[in-house]
Amino acid sequence: MQQYQTLFTELTNGILTVTINRPDKLNALNKDVFTDLDNLVNNITNDNTVKSVIITGAGSKAFVAGADITEFGNLSIEEGKQLAKRGQDIFNKIENCAKPIIACVNGFALGGGCELAMACHFRIAADNAKFGQPEVNLGLIPGYGGTQRLAQLIGKGRAIELLISANMIDANTALQYGLVNYVVPQAELLQKAISILENINTKAPLAIAACIKAANTVWDESKNGFNEEIALFGNCFGTEDMKEGSAAFLEKRKANFIGK
Ligand code: COA
């Protein structure tokens, strides 16, 4: 596994825990973090030893407190668009990764941090987590997919209120809104994610990838999700794992999936 400038990675039993490591800047997303996240998704896609991924932030205070505001400087309109495009490309890559990526939100998830968490396949929050899109405080809007994913995840009314008020919501409100799947004490956050992924990692990898792809199609206007599902369902019958899964069920034994 490649070394990163801003990320710590640790691989245990197929679960890669990725920690964004700029705690003195509340893990704000600068150019280096973007480069590392971009490379990370390429690497995990190509690394057979990685079955699933946890993304979290270093320290006990923040997941990610947003894009690094010091890099906004005097960007031109064109440079602003390029920055948003770069962020969106990387977050789309996370969302479309064939391996499950879940966010463990261990504190502030603001701006680009909330957008990063929303690009992951689902989210678990520590009880001290706080979510928000405070860009309007800076005369900005979210640029890394936040206006879209927030409305997808929590509905238009709640999303627009959060976007235009810059209000933060706490972990329990995020749970009530459907932004996160679980809220746990901070000390138990990673263990909760690990126990969920240990179960997921016993399932057929190609079927997992197909579930992610099919579910993402709901928001892809260029595709018909039901047709996509038919194609992906059919493809499963061409896999060794589908034959193994069915045989194991009928033989009343545990399936041994190989990802083929
Ligand atoms: N970009 C760059 N640096 C950031 C940052 C960001 N998004 N968020 C925090 N930091 C830095 C602070 O400048 C500070 O650095 P310093 O010690 O060199 O001064 C350090 O991280 C700690 O943050 P601080 O503001 O002192 O912590 P706090 O507990 O008082 O407040 C927050 C925490 C999250 C409420 C506050 O940092 C904040 O509002 N951050 C910006 C959030 C935001 O607007 N994000 C969207 C960006 S588009």
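Could you list, in sequence order, all residues of segment 134-147 that are polar (S, T, N, Q) and either near the ligand (Cβ under 8 Å from one of its atoms) or in contact (Cβ under 8 Å) with a residue 40 or more places away in the chain (or both)?
Matches in segment 134-147: N137 only.
If I filter segment 10-24 for residues that are assigned to a loop (DSSP other than H, G, I, E, B), over 24 Å from P142 (Cβ atoms), away from the ligand (no atom under 16 Å from the Cβ) and out of contact with any Lys or Arg (no Cβ under 9 Å at 6 or more places or on another chain), do I get at least one hit?
Checked against the condition, which is being assigned to a loop (DSSP other than H, G, I, E, B), over 24 Å from P142 (Cβ atoms), away from the ligand (no atom under 16 Å from the Cβ) and out of contact with any Lys or Arg (no Cβ under 9 Å at 6 or more places or on another chain), segment 10-24 yields no hits at all.
Restricting the first residue to segment 65-86 and requiring it to be more than 19 Å from M118 (Cβ to Cβ), which pairs with a second residue that is within 11 Å of the ligand (Cβ to nearest atom) and among the polar types (S, T, N, Q) meet a Cβ separation below 7 Å and a spacing of at least six or different chains?
Close Cβ pairs satisfying both conditions: E71/N30.
Could you count how many residues in segment 51-89 are surrounded by 14 or more Cβ atoms within 10 Å (Cβ to Cβ) and within 30 Å of A187 (Cβ to Cβ)?
Looking only at that region, the number is 17.
For segment 44-83, which positions are within 13 Å of K31 (Cα to Cα) and within 10 Å of the ligand (Cβ to nearest atom)?
G66, A67, D68, I69, T70, E71, F72
What do you reckon, is E79 outside any strand (DSSP E or B), closer than 24 Å to A171 by Cβ and either among the charged types (D, E, K, R) or not assigned by TED's automatic domain parsing to the domain that holds A28 (or both)?
No.
If you check A119 against the conditions, is it more than 12 Å from the ligand (Cβ to nearest atom), small (G, A, S) and assigned by TED's automatic domain parsing to the domain that holds I69? If you could, list the steps in order and put the result at the bottom.
On the way: more than 12 Å from the ligand (Cβ to nearest atom): yes; small (G, A, S): yes; assigned by TED's automatic domain parsing to the domain that holds I69: yes.
Yes.
Out of the helices (runs of 4 or more DSSP H) lying entirely within segment 176-248, which hold 1 or more residues that are touching a Ser or Thr at 6+ places or on another chain (Cβ under 8 Å) and under 26 Å from A159 (Cα atoms)?
Passing ranges, in order: 189-200, 225-236.
From (1) under 14 Å from C120 (Cβ atoms); (2) assigned to a loop (DSSP other than H, G, I, E, B); (3) in contact with a Lys or Arg (Cβ under 7 Å, 6 or more places away or on another chain), pick out the condition that doesn't hold for V53.
Only one criterion is unmet by V53, namely (2).
Does I164 fit the bill of being touching a residue at least 24 places away in the same chain (Cβ under 8 Å) and hydrophobic (A, V, I, L, M, F, W, C)?
Judged against the criteria, I164 is a match.
Do you know which residues across segment 148-159 are surrounded by fewer than 16 Cβ atoms within 10 Å (Cβ to Cβ) and either over 30 Å from N74 (Cβ atoms) or within 12 Å of the ligand (Cβ to nearest atom) (or both)? Lay out the reasoning, then the answer.
Keep residues of segment 148-159 that are surrounded by fewer than 16 Cβ atoms within 10 Å (Cβ to Cβ), which gives 148, 152, 155-157.
Q152, G155, K156, G157 - these are the residues of segment 148-159 that are surrounded by fewer than 16 Cβ atoms within 10 Å (Cβ to Cβ) and either over 30 Å from N74 (Cβ atoms) or within 12 Å of the ligand (Cβ to nearest atom) (or both).
Could you tell me whether A98 is under 22 Å from the mean Cα position of the chain (by Cα), in the same structural domain as A129 (by TED's automatic domain parsing), touching a residue at least 40 places away in the same chain (Cβ under 8 Å) and buried (at least 22 other Cβ atoms within 10 Å of the Cβ)?
When the stated conditions are applied, A98 does not pass them.
List the number of the failed condition for D32; all other conditions in (1) over 30 Å from K203 (Cα atoms); (2) not in a helix (DSSP H, G or I) hold.
(2)
The values are calculated or read from the model by the stated rules, or taken from the named source; none is laboratory data. This one's a predicted model, so the numbers in the text were calculated from it and none came from an experiment. Virtual Cβ from ideal backbone geometry, glycine too; neighbours counted across all protein chains shown.
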